[in-house]
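First comes the structure, then the notes that go with it.
Derivation of every value follows stated rules applied to the coordinates shown; laboratory data play no part. Fair warning: this is a prediction, and the values are worked out from it, not measured in the lab. Every residue, glycine as well, gets a Cβ built from its backbone with ideal geometry; the counts of neighbours run over all protein chains shown.
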Amino acid sequence: MANHHVTEALGGWTGYSVGTVRRFEAGEKGTTPRVWIDLHRTDGPFVCSACGRSCDKYHDHSERWVRDLPILGAETHLCLPRFRVACPTCGPKLEHLPWLSKHARVTTRFAEHVAALCEVMSIKHVAALYRLSWNTVKVIDKASLQRRFGEPDLSNLTTLAIDEFAIQKGHRYATIFVDPTNKRVLWVCRGRSREEIRPFFEKLGPDRCARIEAVAIDMSAAFEAEVRHQCPNAAIVYDRFHIIAKYGREVVDRVRGSEARRDGNHREDRKLIKGSRWLLLRNKRDLGHHDRVRLKELLSINRRLATTYILKDDLKQLWTYVYADAALRFWRGWYHRAVRSRIDPLKRFARNLRDKIDGILAHCVYPLHTSLLEGMNNKIKTLKRMAYGYRDDEYFFLKIRRAFPGNQG
């Protein structure tokens, strides 16, 4: 009997006392050692799980097996009567137990332990460790995430960063909303159209939308249109990363392609130009000695590529200015050089960018950028690989929010 008191004290099964305790070695009741513990209801009032009212009577009960944390290396299984309270207010309701959630087949502490392991291990490995089904582990982890991250705190929000990331093959995307002040993911949704991102602003509400001062985005027309509609006081801040990437696609790649196909080039020159894409797109400081030599050779043999490369590096300087007037003067100089270059892709890009210059100069007042989101995208890819892809969007998006809870304290 004394041993049972020790087991009760260690178990913490409030409202229940320990009856029979049996241990089975590996091979007797399964491939691993197991402990079976019979629990009996102690005297005392029942508590309704719906209203919290104490009741003296119960409606009925049924036997239930529940998993708990392992004891001395053995799987622990509890057998207990699960009562339905005869609540005069709510009718028949399950009894509230602080250590066992409603309808759960594992104790609360076991569920918390499983959810904690899911932060560092894949569902598959956690399931194998405790001999649980994959779906059981997922349900436990998802319920834990919903309790912790179900509703984002959108108070005191004054700036936003919005970006998209590939969620599946076939040009399927999701949109991520981040508080750049504390690097916290606020919301994730499938899609990138105005209609698909609108629920975030509806949750934010008109008053909080009106308090948004600046939003960092790429040059997505859908993002910009919805932000301007929902947040009338917000300045649009165009991100350097996306504009330079756009320059690479629309200017560098096209000029390089046309130069590689141009008649009159020597065979070796054509070969060098064809293999020069990453030389032209990467930052010069990231190149090794051999690549620097190749880049210098490339720019010396082709004036158009040299002009394209130099203006790409110069364009990045726009985001180093802290005074809008100085940035505007630099932009005008860059623009005139671009339109006088006689390089059609460069001229088109400069004229299109001219219409977006206010969003670039806004960086001087609101130094926001989405490079933080690009780093997040790399971690999101790791999350997908750990789970071999996610079919449950809600669960996947909760995992993303858990991975980026923001600066604590």
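In the chain, helices alone account for a calculated mean residue ellipticity at 222 nm of -13500 deg cm²/dmol, with every DSSP H run of four or more residues adding -39,500 (n - 2.57). Within the shell defined by Cβ-Cβ distances under 14 Å, the residues around LYS316 carry a net charge of +2, with Lys and Arg each +1 and Asp and Glu each -1. Applying a threshold of 26 Å to the alpha-carbon distances of LYS274/LYS296; LYS312/LYS399; LYS246/LYS399 flags LYS312/LYS399; LYS246/LYS399 as lying beyond it.
Dipole of the stretch 106-149, Cα-centred, from +1 at each Lys and Arg C-beta and -1 at each Asp and Glu C-beta, to the nearest 20 debye?
Rounded to the nearest 20 debye, it is 80 debye.
Using only side-chain charges placed at the Cβ, +1 for Lys and Arg and -1 for Asp and Glu, the dipole size of the chain relative to its Cα centre rounds to 2100 debye.
The structure shown yields Rg and Dmax of the Cα atoms in Å, and of the options (i) 24.5, 101; (ii) 26.0, 88; (iii) 30.7, 98 that calculated value carries the label (iii).
Taking the stretch 1-156, how many lysine pairs are there with alpha carbons less than 21 Å apart, if each pair must be eight or more places apart or span two chains? Walk me through the numbers on the way to the answer.
Working: LYS57/LYS93; LYS57/LYS102; LYS93/LYS102; LYS102/LYS138; LYS102/LYS142; LYS124/LYS138; LYS124/LYS142.
For the stretch 1-156, qualifying lysine pairs total 7.
Kindly list the residues of the stretch 284-300 that lie in the label zone of GLU268, defined by a backbone N under 13 Å from the point 7 Å along the Cα-to-C-beta vector. Residues 297-298 qualify, since their backbone N sits under 13 Å from the label point.
Projecting the Cα atoms of SER54, LEU204, ILE400 onto the charge dipole of the chain, computed from C-beta unit charges around the Cα centre, puts ILE400 farthest toward the positive end.
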